[in-house]
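The values are calculated or read from the model by the stated rules, or taken from the named source; none is laboratory data. Treat the numbers as computed from the prediction; the structure is a model and nothing was measured. Here the Cβ positions follow ideal geometry from the backbone for every residue, glycine too, while neighbour counts run over all protein chains shown. Protein only, heavy atoms only, side chains kept; ligands, DNA and RNA dropped before computing areas. Shrake-Rupley method; radii C 1.70, N 1.55, O 1.52, S 1.80 Å.
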Amino acid sequence: QTSPTTMTFPACVFSLFWLIFIVACRAGGVESAATTTDGNADHGKCGVYMAPSSTSSSTHEIWGLYAGRDFSAGDNVGHNELAVNMFHLKANMGFDEEAEDVTQQYFNELTSFLESFMWVPAPAGARFEMIEGKTITYIPGAGILSAMNDKLTNTQWDHSAAYHRPMLGELAGQSHAGRGAQTPFYNVAIKATTEILTGSEIFLNYGANYVEETEELQREDYDKLDQTIQKMIDFFAKYGDEIDENAIIQIYSFLLRDVMTAAVGTERQKIIGKILPKHPSQLKEILDAGGSMKYDKQNAFRNEDWMQKNGFCADTIKYGESTIPEAGRGAFATRSLELGSVVTASPMIHLPSGRVMDMYPLVSDEEGDFIRESVEVSGQQLLLNYCFSHGDSSMLFLPTGPGVGFINHSKEPNAKVRWSDHPYNHHKEWFQVAPQHLLASEEFARIGLLMEVVALENIEAGDEIFIDYGTEWEEAWNEHAERWNKVYPVENGWPTRAIEVNERYKTTPFPTENDGEELPENVGLMAFIMIKESTAAGTLEEPKLWDMPEVGTAYDADNLFEVSIVERQELQEGNGGTMAFNYTIRWLNVKQEATYVAEVPHKAIVFVDYPEQSDHFVEMPFRHPIGIPDDVFPQGLWRNFVDLEDEGSEDAEEEEKK
């Protein structure tokens, strides 16, 4: 072409080439090393919504979480949660992938269904609860409702928050009937890894095992694409009057097809090509929509009107020390709630048989796997206490909504539970399906029920929320408390737990091994260890140095190791007269070889209960589900009275008819 206006074409393309090429660059996300702030302070509006997830499909409805306001990197997102461990679930259920017995196949399905909602214990502060066997952990709220998209991940677990949880309602050194009846793990938190704008869906990193090997744009790629779009807009605004329409189309097509393919490859060029418009005059629409990521993933970014219309506010309650003695933690209103209003909503995991909570005596076989030693039930999982049920039914319902697990019992409640009338993902037709058939197909192998907690009176901000667990629960509790007090009288005291020791050293320096201070035998001293690369020998004279990496964090449970403190260095006088310290620690590897690490910050050190030493393992603990009121629990097939031994068997339908 010889037109003077098109003589700039090669130069223009060349100048834009590097701008588009940066889309190919994949910089890793950098986590802020700043102190985590409370991302849920009262900002005058709902901070987190529960609403239909962008990961839903026409056949698979899923609840998700959305930001109700802006969050900065490092902010807590939503209120912190509790966590409940389950031990040896598959072993207790006799899980056998090759089982031919119909009943065992049924319990295999039930076990796998429940396990699909569980986490490893590390994010909950429970990595050391057991050494042998398998521990899985129930974390409601973000742990179940946050969506998974490794390309759009904007939050991650804050492991340190769970291990450094505050001591609330613990009644240090006292025996009481609540010991072992409530989980010792709480303050489980997620924090923003990047800026999260109002209306953005919350995506949590599920771990390496869940990363999808698909060719998609990463979050940083979208940011760079936005920069490229702006450069193209500026270019066409500058030269558009000098270039005829045909040349504009040629330049734009060349950029989108040839240059983009050279820069990012054929597959990613196809993805970007679907995002960018057919004509450069429409490029501004992408930026006006909030950027290429919002434009491409529109369902993952919603406005506040949509969230209010289609969902529920999910930060209306937060945990604190309960006003009921021995109850531990409770749920407290974060804002005023009117009579009849929804306090919170909770999708419910339906479990057709309560037997999934049964525990048996276990032994290790020749291959080191745990198997049943006896068919006699020896106890129940602690998770049973957090399930809802009805005395006429075999079924259990496990709440997933934020904060629901903290709501305590009262005979004078200020709230009640009911089934929701919300049009999304609450399948009342399931009420007419026999329990043993509720896992019979993919239709039921998902969360499809929704329960609401509703205010029975006007509730003010700061009031503790109570529901009535039912007469059956209360009678069982009273019987338990009477037995407990005979076996564990108050005057006998109670062993020191790690949380009490951590509370002691929040504002005072940790002792060194030369200080002569004795620590409880059931408690271990741990440190989050990340070592700076160096040639240091790792001896006391030439120690390695503790480090916070530029990418990721040192405060991950995988970096938590048992240590001894050999030296303490005073740094400066802190607020309120407390002293700030760093420490030199000794760490033994599996070969018992010592490595010394200096400049370990106070925050990196924490005490944990040794395996099987927390209150979770006390003998004779209270176990009973929360009662669903009789006028709420459906009439019909769910009141099954089916002999649990026959659940899932070929005779179950005959039992159902009876």
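About its Cα centre, region 127-190 has a charge dipole of approximately 40 debye under the convention of +1 per Lys or Arg Cβ and -1 per Asp or Glu Cβ, with nothing else charged. Of Thr155, Thr266, Thr553, the residue with the largest accessible area leads and the full order is Thr266, Thr553, Thr155 (1.4 Å probe).
Taking Cα centroids, how far is region 301-357 from region 543-568 in Å? Cα centres, region 301-357 to region 543-568: 36 Å.
The distance separating the Cα centre of region 125-162 from that of region 55-106 comes to 10 Å. Summing Cβ point charges (Lys, Arg +1; Asp, Glu -1) relative to the Cα centre of the chain gives a dipole of roughly 2360 debye. Report Rg/Rh for the chain, rounded to two decimals, where Rg is the Cα radius of gyration and Rh the Kirkwood radius. Rounded to two decimals, Rg over Rh is 1.02. At the residue level, Glu170 shows approximately 30 square angstrom of accessible surface with a 1.4 angstrom probe and all protein chains present.
What GluC sites (Glu not before Pro) does region 246-355 have in DSSP loop regions with at most 13 other beta carbons within 10 Å? Mind dumping the intermediate values first?
Numbers: sites: Glu267, Glu285, Glu304, Glu321, Glu326, Glu338; in loops: Glu326, Glu338.
Those satisfying the criteria are Glu338.
In this structure His60 has an accessible area near 80 Å², from a 1.4 Å probe over the protein heavy atoms. A simple spin-label model places the labels of Thr266 and Arg504 6.7 nm from each other, with each point 7 Å out along Cα-to-Cβ. Rolled with a 1.4 Å probe across the full set of protein chains, the surface gives Asp615 an accessible area near 20 Å². These residues, Leu225, Leu571, go from largest to smallest accessible area, 1.4 Å probe, as Leu571, Leu225. Semi-axis lengths, largest first, of the ellipsoid equivalent to region 470-524 are 37, 14, 8 Å, with √(5λ) applied to each eigenvalue of the Cα gyration tensor.
Sorted largest first by accessible area at a 1.4 angstrom probe radius, with every protein chain in place, the residues Arg257, Arg446 fall in the order Arg257, Arg446.
Under 21 Å from the Cα of Lys506, which lysines turn up, not counting those fewer than eight places away in the same chain? Partners found: Lys603.
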